[in-house]
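Before any comments, here is the structure.
The values are calculated or read from the model by the stated rules, or taken from the named source; none is laboratory data. As the structure is a prediction and not an experimental result, all values here were calculated from the model. Cβ sites come from the backbone with ideal geometry, for glycine too, and all protein chains shown count toward neighbours.
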Amino acid sequence: MTDNGFNVSIKMDPSNGFLFGGNKDNCGTWMDKMGSSSKNKGVPATPRDGAPIELVALQYSVLSYLAWLHKQEEFPTSKVG
């Protein structure tokens, strides 16, 4: 992996609260694959530059469930923060 691959900057998008970051030289999550064959050794087979979709899906799922619990009057708050 190149030096830039170790530069993992994850931030939150304030417009929607979801995570984003990474670059074309790194694997951002455990689901990404770093190339290991002689043709792509050290080059991400699945580069991560953008939103880590499995983390965004998990965030969405948790927030949806909390909203549902609130409607059922089983969770006291209707907002985060």
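Quick check, is Leu69 exposed (fewer than 15 other Cβ atoms within 10 Å of the Cβ), outside any loop (DSSP other than H, G, I, E, B), within 15 Å of the chain's Cα centre (by Cα) and at pLDDT 75 or above? It is false that Leu69 is exposed (fewer than 15 other Cβ atoms within 10 Å of the Cβ), outside any loop (DSSP other than H, G, I, E, B), within 15 Å of the chain's Cα centre (by Cα) and at pLDDT 75 or above. Being within 30 Å of Lys79 (Cβ to Cβ) and at pLDDT below 70 is a property that does not hold for Thr46. In region 54-75, the residues that are more than 15 Å from Gly17 (Cα to Cα) and in contact (Cβ under 8 Å) with a residue 24 or more places away in the chain form no Cβ pair under 7 Å with any partner that is in a loop (DSSP other than H, G, I, E, B) and among the charged types (D, E, K, R), whether six or more places apart or across chains.
Hey, could you check region 17-42 for residues that are touching a helix residue (DSSP H, G or I) at 6+ places or on another chain (Cβ under 9 Å) and modelled with pLDDT of 75 or more and say which is surrounded by the most Cβ atoms within 10 Å (Cβ to Cβ)? Filtering region 17-42 for residues that are touching a helix residue (DSSP H, G or I) at 6+ places or on another chain (Cβ under 9 Å) and modelled with pLDDT of 75 or more, the one surrounded by the most Cβ atoms within 10 Å (Cβ to Cβ) comes out as Phe20.
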